[in-house]
Amino acid sequence: MARSRGDIAKTLKEPEARLDVFPAFMKVAGRKVLVVGHGAEAAAKVRLLGETNAQILVVSKHVEADLQKAIDLFQADHIAEEFSPAYLSEAALVFSAREDWDLDRLVVDAARAAGVPVNAVDKPELCDFFTGALVNRAPIAVAITSTGVGPVLSRHIRARIEAMLPHATGELARLAESFRDMATKVVAEGPLRRNFWARFFSGSVASNIYAGRAGAARSEAQRLLNSMSDEPGFVWLVGAGPGAEDLLTLRAQRLLQEADVIVHDALVPADVVAMGRRDADRISVGKRKGAHSVLQSEISELLVELGQKGLKVVRLKAGDPMIFGRAAEEMEALREGGIGFEVVPGVTAAFAAAASAQIPLTLRGVASNLVFATGHNAKSETLPDWAGLALKGATVAVYMGRTVAAAVAEKMIGAGLTSETPVAVIENAAHPDERQFAGTLSELAVLSNRAEIDGPVLIVIGEAVGHAALNNAEPLAPLKAARVAAA
C-alpha cells in the first residue's frame, strides 16, 4: 500500500501555491526578547509577548503612555536609553518598532550581525520572521500569518478559530499529557493507539473537560484506557462532493484525518485526497468510463481485507456514495465480511451543477418532481424507463450521459417531450474549470460528438432549466447558434 510516485506528484502544489516561510514556534520561556520602540507598535508587541513566559526588555529613551501601560501590565523591563547592539546579547528574538525605516534598518542590521532573528514591524521586506495572529490555549497555540501582505485577513481568521476552539482546549491537552506514558505502555502502537487518542479528544473525555467537569473527564479517560483492546477495523463510505474542497462535510474532513487508509476514486481531486492524515496510506482505485483500472469486485474485496486487518478506512467517492456510486455492492461485501461501516453523504453532482448554474431543480407550477438517471443500465443499454417522466412535470438530471446524449434525446422526444425543451449541460461542476452549456433537447445530440467536452458531465432536462441563470453559458450547438446569428 505504499504511495506511488504518481500519487506523490499529484499532492505537490504549484510554486505559487507554496509558502515562502516555514511555520515554527520559537522557545522563549525564560529568555530575553527585545522590543525596540516607543509607541503603539511597540506596545502591541509587548502585549503579544505577554502571552508567553519570555523576559521582555523594552529599549527606548522615551515611551508613550500606551507602551508604559503594557510595560507595567506584563512586568517588562525598560531601559530608557537609545538602542545599542550591546542589548542584543543573549536575546532570543528582537522586534524593532521605531516607526522609521532608517532607525528600524539599524536594528535589523545589528541583529543580523549578532545572529538574532529580527522582525521590523510593518516592514516585511526587513523581517527574518513574521508574527502571527495568535490564538492562545496554552499549551496549545495557533498562529496565523499572511507573511505581511494581509494582516487584517489574519485577524479575521483568528476570530473564527477563537470561536472554534473552546477555552478549555489547553486543559484537555494537559490531561492528555498526564495519560501519555500510561497509554504508551497499555495500548499497542499503531492504529489502536491512534484510535485511543481520537476517542480521547472527541468523545466523553473532551465533553467533560469543556463542561468544566475535570474529575469526570479524568475518570472517563481512565475508563477508556482500561477498555482498549484490539478493535476490529471500520470502513466509512465518504462522499467527497463534486470536487471543491470547501464542499466537503465537516464529518468527512474529520474522518480523513483519522483514517489509516484512504481508498479513493479517480474523480476525487488530489487536493481533497491530500486532506487526509499525512501518514495515511492512499490507494487509488480510479474508475473512468471505458478505462476501469480496478474491478468493482476487487475494490470490495480490498475494503474487507483492510477492515480485517483492524484498519480505519475511508472509501472516498466523488459526489454522494449512494447516488450511482456502487455503494450497495461495497456495503454488501462489508456485511458479509463482518466489517462495520458507516455512510457519510456528500454533495452530489446534480446539486452542485444546479447551484453553479442557478437551476431551480423544482419550481412551483413548472417542475414538482426530480429524477436522477444514468444514460446506461448495468448492460450498457441506453435507459428508456424514465424518458416519459419529464412529461409529468419532472426535471431530469442525467449522470454519465455524454456519449449517449443523442440516444437520450431521441427517446425523450419519442416519449412525447417537445424538442424545444430547455437543456443545460454542466461539465466539471464546482471545479475551477467548470463549463456551462445551454440549448434544447433537439440540440442535445451534438454533445456526443463534442470530443473537447471530456470532463464529467451532468445533463439537466426540463422546463425548470428555462428559469436558470444561463445567459453566459456556451451554446450547446455552436454551429447552429452561429447560423442563427448570421441570419
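Observations, loosely collected:
- Residue list for the stretch 213-234, filter: surrounded by fewer than 18 Cβ atoms within 10 Å (Cβ to Cβ), assigned to a loop (DSSP other than H, G, I, E, B) and either modelled with pLDDT under 90 or within 31 Å of the chain's Cα centre (by Cα) (or both): Met228, Ser229, Asp230, Glu231, Pro232
- Residue in the stretch 347-366 that is in contact with a helix residue (DSSP H, G or I) (Cβ under 9 Å, 6 or more places away or on another chain) and farther than 23 Å from Ala473 by Cβ present: no
- Output for the stretch 335-345, where each listed residue is in contact with a helix residue (DSSP H, G or I) (Cβ under 7 Å, 6 or more places away or on another chain) and either part of a loop (DSSP other than H, G, I, E, B) or surrounded by 23 or more Cβ atoms within 10 Å (Cβ to Cβ) (or both): Gly337, Ile339
- Against the numbered list (1) touching a Ser or Thr at 6+ places or on another chain (Cβ under 9 Å); (2) in the same structural domain as His38 (by TED's automatic domain parsing); (3) assigned to a strand (DSSP E or B), Ala143 comes up short only at (2).
- Conditions (1) in a helix (DSSP H, G or I); (2) under 19 Å from Val108 (Cα atoms); (3) within 31 Å of the chain's Cα centre (by Cα); (4) of a type outside the set (Val, Ile, Thr): number failed by Met26: (1)
- Picking from residues in the stretch 84-134 that are acidic (Asp, Glu) and assigned to a loop (DSSP other than H, G, I, E, B), the one that is farthest from Val152 (Cα to Cα) is Glu90.
- Only one of Glu434, Glu427, Glu410 that is crowded, with 21+ Cβ neighbours inside 10 Å, in the same structural domain as Ala354 (by TED's automatic domain parsing), out of contact with any Cys (no Cβ under 7 Å at 6 or more places or on another chain) and acidic (Asp, Glu): Glu427
- Check on Phe179, hydrophobic (A, V, I, L, M, F, W, C), touching a Pro at 6+ places or on another chain (Cβ under 9 Å) and either within 21 Å of Val21 (Cα to Cα) or at pLDDT 90 or above (or both): no
- Among the residues of the stretch 111-142, those that are modelled with pLDDT of 90 or more, under 17 Å from Asp20 (Cα atoms) and out of contact with any strand residue (DSSP E or B) (no Cβ under 7 Å at 6 or more places or on another chain) comprise Lys123, Glu125.
- Only one of the numbered conditions (1) of a type outside the set (S, T, N, Q); (2) within 41 Å of the chain's Cα centre (by Cα); (3) in a loop (DSSP other than H, G, I, E, B) is violated by Val46, and that is (3).
- Every residue from the stretch 149-201 that is part of a loop (DSSP other than H, G, I, E, B) and either surrounded by 15 or more Cβ atoms within 10 Å (Cβ to Cβ) or within 26 Å of the chain's Cα centre (by Cα) (or both): Val149, Gly150, Leu165, Pro166, His167, Ala168, Val187, Gly190
- Subset of the stretch 242-276 (residues that are more than 24 Å from Lys309 (Cβ to Cβ), among the β-branched types (Val, Ile, Thr) and part of a helix (DSSP H, G or I)): Val272
- Hey, Arg315 among the charged types (D, E, K, R), touching a helix residue (DSSP H, G or I) at 6+ places or on another chain (Cβ under 8 Å) and within 25 Å of Arg194 (Cβ to Cβ) or not: yes
- For the stretch 396-407, the set of residues classified as surrounded by fewer than 20 Cβ atoms within 10 Å (Cβ to Cβ) and either among the polar types (S, T, N, Q) or part of a helix (DSSP H, G or I) (or both) consists of Thr403, Ala406, Ala407, listed by residue number.
- Residues satisfying the stated conditions in the stretch 260-280, i.e. in contact (Cβ under 8 Å) with a residue 60 or more places away in the chain and of a type in the set (A, V, I, L, M, F, W, C): Val261, Leu267, Ala270, Val273, Ala274
- Of all residues in the stretch 108-130, at least one satisfies being more than 32 Å from the chain's Cα centre (by Cα), surrounded by fewer than 16 Cβ atoms within 10 Å (Cβ to Cβ) and of a type in the set (A, V, I, L, M, F, W, C).
- Against the criterion of being out of contact with any Leu (no Cβ under 8 Å at 6 or more places or on another chain), assigned by TED's automatic domain parsing to the domain that holds Val304 and surrounded by 14 or more Cβ atoms within 10 Å (Cβ to Cβ), Leu250 does not qualify.
- Condition check for Arg223: out of contact with any Gly (no Cβ under 9 Å at 6 or more places or on another chain), without any contact (Cβ under 8 Å) to a residue 12 or more places away in the chain and under 30 Å from Arg174 (Cβ atoms): yes
- Condition check for Val205: out of contact with any His (no Cβ under 9 Å at 6 or more places or on another chain) and in a helix (DSSP H, G or I): yes
- The stretch 437-456 - residue that is modelled with pLDDT of 90 or more and not in a helix (DSSP H, G or I) and, of those, surrounded by the most Cβ atoms within 10 Å (Cβ to Cβ): Phe437
The values are calculated or read from the model by the stated rules, or taken from the named source; none is laboratory data. A quick note: this is a predicted structure, and the numbers were derived from the prediction, not measured. Positions of Cβ are generated from backbone atoms using ideal geometry, with glycine treated the same way; all protein chains shown enter the neighbour counts.
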